Amino acid sequence: MTVVSKDVVEVRHTGGHKLWMRFRDGASGEVDLSKALEFDGVFQPLRDEAYFARVRVLEETGTIAWPNDADVDADVLYALVTGKPLPKF
């Protein structure tokens with residue numbers, strides 16, 4: 001069985017709480033995280049668009065994160081961008 005890496009390799013803030021992402025397997029697209037995240041707890045600073053725009057790729061974990069170390073699982077991001085279901089474990 002071949003496992004395809006769903007690591008995020010590129011991310012760009014596109015306005016509001018939207019991000020465009022490209023994954024290692026070539027899939028790419030935009031997602032509005034305001035519809036997917038509750039901005040409470042560690043995600044509360046992300047309510048501020050300027051702070052949200054400081055997103056970056058964490059190469060060591062293959063996902064995205066912000067300066068306060070808030071991150072989102074790459075499998076969740078892949079499902080949001082591609083519309084494919086989350087893997088079952």
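The values are calculated or read from the model by the stated rules, or taken from the named source; none is laboratory data. Predicted model only: the values in this text are computed from it and were never measured. Neighbour counts run over all protein chains shown; Cβ positions are idealised from the backbone, glycine included. For the accessible areas, the whole protein counts, side chains as well, though only heavy atoms, and no ligand, DNA or RNA atoms are used. Shrake-Rupley method; radii C 1.70, N 1.55, O 1.52, S 1.80 Å.
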Size of electric dipole in the stretch 7-64: Cβ of Lys, Arg +1 and of Asp, Glu -1, about Cα centre, debye, nearest 20: 160 debye
Answer label for volume of the Cα convex hull per residue in Å³ (calculated), chosen among [x] 118; [y] 145; [z] 102: [z]
Within the stretch 23-89, trypsin sites (Lys or Arg not before Pro) in DSSP loop having at most 13 other beta-carbon neighbours inside 10 Å: 88
Sites residue 58 and residue 88 - FRET efficiency at Förster radius 22 Å, r taken between beta-carbons, to 0.05: 0.35
Residue-level accessible surface for residue 37, protein heavy atoms, 1.4 Å, Å²: 30 Å²
Surface accessible to a 1.4 Å probe, residue 22 within the full protein complex, Å²: 90 Å²
Alpha-carbon Rg/Rh ratio, for the stretch 46-89, with Rh computed the Kirkwood way: 1.03
Accessible surface, 1.4 Å probe, highest first, among residues 20, 66: 20, 66
Among 49, 30, 60: highest mean-square fluctuation, GNM of the chain, C-alpha pairs under 10 Å: 60
The chain - percent of accessible surface contributed by carbon and sulfur, probe 1.4 Å: 49 percent
